[in-house]
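This report refers to the structure that appears directly beneath it.
The values are calculated or read from the model by the stated rules, or taken from the named source; none is laboratory data. Please read all numbers here as calculations on a predicted model, not as lab measurements. Glycine gets a Cβ as well: all are built from the backbone with ideal geometry, and neighbour counts include every protein chain shown.
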Amino acid sequence: MILSGKRILLIIGGGIAAYKCLDLIRRLRERGASVRCVMTQAAQEFVTPLSVGSLSADHVFTDLFDRRDEYDVGHVRLSREADLVVVAPATADLMAKLAAGLANDLASAVLLATDKKVLMAPAMNPHMWSHPATRRNLETLKGDGVRFVGPNRGEMAETGEAGEGRMAEPLEIVSAIEGMLDPGPKPLAGRVIVITSGPTHESIDPVRYIANRSSGKQGHAIAGALARLGAEVHLVSGPVAIPDPLGVATTHVQSAREMHDAVEALLPADAAIFVAAVADWRPKMESGEKMKKRAGEGAPTLPLVENPDILASVGRHKKRPRLVIGFAAETENLIEHARAKLAKKGADIIIANDVSHDSGLGPSGVMGGDHNLVRVVTADGVDEWEAMGKDEVAEKLAALVAERLTTPGHDKTTEKRK
């Protein structure tokens, strides 16, 4: 187990999300880690040192000027004896203190004195998270090497408040901790990868839409596999019924135009992978009211217009990533259509996926299923992979991406296209 024998110093900040730290401590200890906790004064307003100490089975440190704690352990030893320092919830105040180099309480003194890696799990009101001061502090901390997990989008503790600011869930934080402490190879460390996943919904009226049959399972699996290899992964997801992959920054969208704009905003990147089943067309006009069925009038006409081609746009973009990979879900002439797509859209690789009912995989092989039979189509030829589960496809594709981005010469085709 990655965390077996590891020492985690958990700094608990003052926010309603502090209650999640009780579960986080339990999750870490069941994976073999020891957890020592520092609580800010504000954190003690939400959870008690007794609760935290009971779960961590260790003394809880709360006061910079506690003579016993400073004599016995001290803030410097606290900061140095851990394998990793985790701040959860990381409030706007704690982020600001570390960014400015302040150390006026035990938590901030430990952060300033540590020589270990620091992981922060921000949690705050969406307006606080989006405030220019917080954004400046975020960039400063990232520049100093601090890693982040979350925040997520959702309902806030305040009535009627929603947006980005919810602390990452305990298992997401555990995954990020494992990623930082995993001694295994991280060939994609320092690489930024953008990936799309799921369907898009193109509104006809407030209750109807045009969409493709995509579950998002494959795209989400690939995003997670890339993150496990050390990449900074930005996932742009259409509406799906599966959770966001762990260790991945996810942007949720509805329509093809929203997905296109979100992808453009994330460039430049080292690689871009387009797994989403984007609707090719959308209604020319969206009705503001539900379209009513009226006896004897027949079906209404529905003029369509073409959606932006996200793969082609990025394949010819001035900020084109070094590696561009597209997916082609086809029901006939699989390789022929994939080769045409490769040339037309400016991609380096097309992952061709047979989603017909006679693909040989049965119902699970069609869109939304759990298995894929893919061919990797490049300018040099076609590599046929055996039928496998989507997680296996994801791991194999992530390894291929790592090979492409770390092997000299693989970007020659890209250079010719620019």
- [ ] May I ask you to verify whether residue 159 is modelled with pLDDT under 85 and either assigned to a loop (DSSP other than H, G, I, E, B) or within 12 Å of the chain's Cα centre (by Cα) (or both)?
- [x] yes
Open item on the list: Checking residue 132 against (1) closer than 24 Å to residue 276 by Cα; (2) without any contact (Cβ under 8 Å) to a residue 12 or more places away in the chain: exactly one of these is not met. Which one?
Closed with: (1)
TODO: Exactly one condition in (1) at pLDDT 50 or above; (2) farther than 22 Å from residue 315 by Cβ is not met by residue 377; state its number.
DONE: (2)
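Residue by residue, here is whether (1) touching a residue at least 12 places away in the same chain (Cβ under 8 Å); (2) out of contact with any helix residue (DSSP H, G or I) (no Cβ under 8 Å at 6 or more places or on another chain); (3) assigned to a helix (DSSP H, G or I) holds:
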site	(1), (2), (3)
288	yes, yes, no
300	no, yes, no
314	yes, no, yes
326	yes, no, no
329	yes, yes, no
336	no, yes, yes
347	yes, no, no
TODO: Would you be able to tell me the number of residues in the stretch 158-181 that are in contact with a helix residue (DSSP H, G or I) (Cβ under 8 Å, 6 or more places away or on another chain) and not β-branched (Val, Ile, Thr)?
DONE: 12
TODO: From the list 286, 297, 258, pick out the single residue that is modelled with pLDDT of 95 or more, at negative phi and in the same structural domain as residue 227 (by TED's automatic domain parsing).
DONE: 258
Open item on the list: So in the stretch 203-233, with the set limited to residues that are more than 18 Å from residue 400 (Cβ to Cβ) and polar (S, T, N, Q), which one is surrounded by the fewest Cβ atoms within 10 Å (Cβ to Cβ)?
Closed with: 203
- [ ] Run down 305, 263 and say which single residue is buried (at least 21 other Cβ atoms within 10 Å of the Cβ), among the aliphatic types (A, V, I, L, M) and touching a residue at least 12 places away in the same chain (Cβ under 8 Å).
- [x] 263
TODO: Report the residue count in the stretch 11-39 for those that are within 25 Å of residue 155 (Cβ to Cβ) and buried (at least 24 other Cβ atoms within 10 Å of the Cβ).
DONE: 8
Task: Which listed residue is of a type in the set (Val, Ile, Thr), in contact with a Leu (Cβ under 9 Å, 6 or more places away or on another chain) and without any contact (Cβ under 8 Å) to a residue 60 or more places away in the chain, from 194, 174, 146 - done: 146
- [ ] Determine, yes or no, whether residue 355 is in the same structural domain as residue 200 (by TED's automatic domain parsing) and modelled with pLDDT of 90 or more.
- [x] no
Open item on the list: Would you confirm, using the coordinates I've provided, whether residue 282 is touching a strand residue (DSSP E or B) at 6+ places or on another chain (Cβ under 8 Å) and surrounded by 17 or more Cβ atoms within 10 Å (Cβ to Cβ)?
Closed with: yes
- [ ] Output the residue which, of all residues in the stretch 235-253 that are at pLDDT 90 or above and surrounded by 21 or more Cβ atoms within 10 Å (Cβ to Cβ), is nearest to residue 184 (Cα to Cα).
- [x] 235
TODO: Working only within the stretch 128-141, note down all residues that are out of contact with any helix residue (DSSP H, G or I) (no Cβ under 7 Å at 6 or more places or on another chain) and either modelled with pLDDT under 90 or among the polar types (S, T, N, Q) (or both).
DONE: 130
TODO: May I ask you to list the residues in the stretch 94-107 that are closer than 25 Å to residue 170 by Cβ and either in contact (Cβ under 8 Å) with a residue 40 or more places away in the chain or surrounded by 23 or more Cβ atoms within 10 Å (Cβ to Cβ) (or both)?
DONE: 94, 95, 96, 98, 105, 106, 107
Open item on the list: Against the conditions (1) under 25 Å from residue 166 (Cα atoms); (2) crowded, with 21+ Cβ neighbours inside 10 Å, where does residue 78 fall short? Just the number, please.
Closed with: (1)
Task: the stretch 143-153, residues that are surrounded by 13 or more Cβ atoms within 10 Å (Cβ to Cβ) and more than 15 Å from the chain's Cα centre (by Cα) - done: 146
